[in-house]
Amino acid sequence: MNKGRTIDTKQTRWITGFFLLMFSLVIDIASATQEIQFKVVDQMGNPIANAVVSANGEPTDDIANIAVMDQINSQFSPHVLVIQKNQAVRFPNSDDIRHHIYSFSEPKPFEIRLYKGEHSTPITFDKSGVVVLGCNIHDQMLGYIYVAENEVTAITDQDGIARLRTQATEFTFWHANLSASNSERVKKSFARENAQNNESTNRTSNRVSEMKTVTLTLLENKKTEVKRRKFSRKFSSREQ
């Protein structure tokens with residue numbers, strides 16, 4: 001009987017030790033990929049919305065999902081759409097007038113002539129880079145599709161805040177007003193805080209463990225233009 005209890009005790013200790021080891025590994029992995037938060041501001045200290053932050057790593061986006069770039073109130077919505085390379089995008093027109101959208105950006109030149117409602121064929125973006133969108137009817141319409149090279153990405157909100165969960169120490173930042181070409185990106189490196197030192201904080205608080213402020217120098221009074229070609233004529237949004 002005593003021998004049996006000894007075996008049971010050894011088994012219990014082994015099982016307990018195994019689960020403690022697994023729990024420790026889970027904590028280590030979670031800490032190593034802890035969330036990092038960026039506040040992106042311009043040279044005047046104002047928060048920048050629609051800035052894209054990216055880093056090497058496995059993207060959370062499924063490229064099988066079809067993204068959507070809508071047209072609402074004669075504006076592209078969202079203003080900046082972030083997708084992964086080889087992901088497809090639908091271009092519905094939710095306005096009650098027709099649009100004629102196009103891009104002549106090198107990663108994906110395309111054109112969808114006069115239409116409204118749902119455009120039936122999604123377009124696949126098979127090259128990374130920035131695609132600038134325009135409308136042949138409404139010159140004020142301007143939008144961007146940021147095609148990531150299978151990276152972890154986030155986009156800043158109105159307060160200039162973006163969050164990523166990654167182990168990376170080098171990050172790339174993009175904004176439409178960084179350059180006249182709309183394609184310039186800025187790389188910055190950051191030392192990451194020690195994950196073990198933050199472990200107790202992570203257990204007791206839902207707050208992110210790291211905050212980094214990034215300043216981007218934007219062009220002043222940049223003309224918001226999209227590269228245009230000379231169409232045979234200017235279309236009307238109400239043409240049939």
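The values are calculated or read from the model by the stated rules, or taken from the named source; none is laboratory data. Values in this document were obtained by computation on a predicted structure and should not be read as measured data. Every residue, glycine as well, gets a Cβ built from its backbone with ideal geometry; the counts of neighbours run over all protein chains shown.
Only residues that are free of Cβ contacts under 8 Å to residues at least 60 places away in the same chain and either surrounded by 15 or more Cβ atoms within 10 Å (Cβ to Cβ) or assigned to a loop (DSSP other than H, G, I, E, B) (or both): list them for the range 113-123, please.
TYR115, LYS116, GLU118, HIS119, SER120, THR121, PRO122, ILE123, listed by residue number.
Which pairs have Cβ atoms under 6 Å, sit 6 or more apart or on different chains, and link a residue in the range 175-192 that is in contact (Cβ under 8 Å) with a residue 12 or more places away in the chain and within 23 Å of ASP157 (Cβ to Cβ) to one that is of a type in the set (Lys, Arg) and part of a strand (DSSP E or B)?
From the range 175-192, the pairs are PHE190/LYS212.
Counting only residues that are surrounded by 20 or more Cβ atoms within 10 Å (Cβ to Cβ) and not hydrophobic (A, V, I, L, M, F, W, C), give me the strands (runs of 3 or more DSSP E) lying completely in the range 57-111 with at least 2 of them.
Details: elements: 70-72, 75-77, 80-84, 87-90, 99-103.
The strands (runs of 3 or more DSSP E) meeting that bar are 99-103.
Return the residues of the range 170-182 that are at pLDDT below 95 and either surrounded by fewer than 20 Cβ atoms within 10 Å (Cβ to Cβ) or touching a Pro at 6+ places or on another chain (Cβ under 6 Å) (or both); say none if nothing qualifies.
Step one: of the range 170-182, the residues at pLDDT below 95 are 179-182.
SER179, ALA180, SER181, listed by residue number.
Residues being under 21 Å from ILE63 (Cβ atoms) and in contact with a Ser or Thr (Cβ under 7 Å, 6 or more places away or on another chain): count how many of those fall in the range 88-108.
Looking only at the range 88-108, we keep the residues that are under 21 Å from ILE63 (Cβ atoms), and these are 88-92, 103, 105-108.
Remaining after also requiring in contact with a Ser or Thr (Cβ under 7 Å, 6 or more places away or on another chain): 88, 107.
Going through the range 88-108 one residue at a time, the tally reaches 2.
Cβ-Cβ below 7 Å, separation at least six or inter-chain, first residue in the range 61-88 and closer than 16 Å to VAL152 by Cα, second surrounded by 15 or more Cβ atoms within 10 Å (Cβ to Cβ) and among the charged types (D, E, K, R): which pairs?
Correct list of pairs: GLN84/ASP61.
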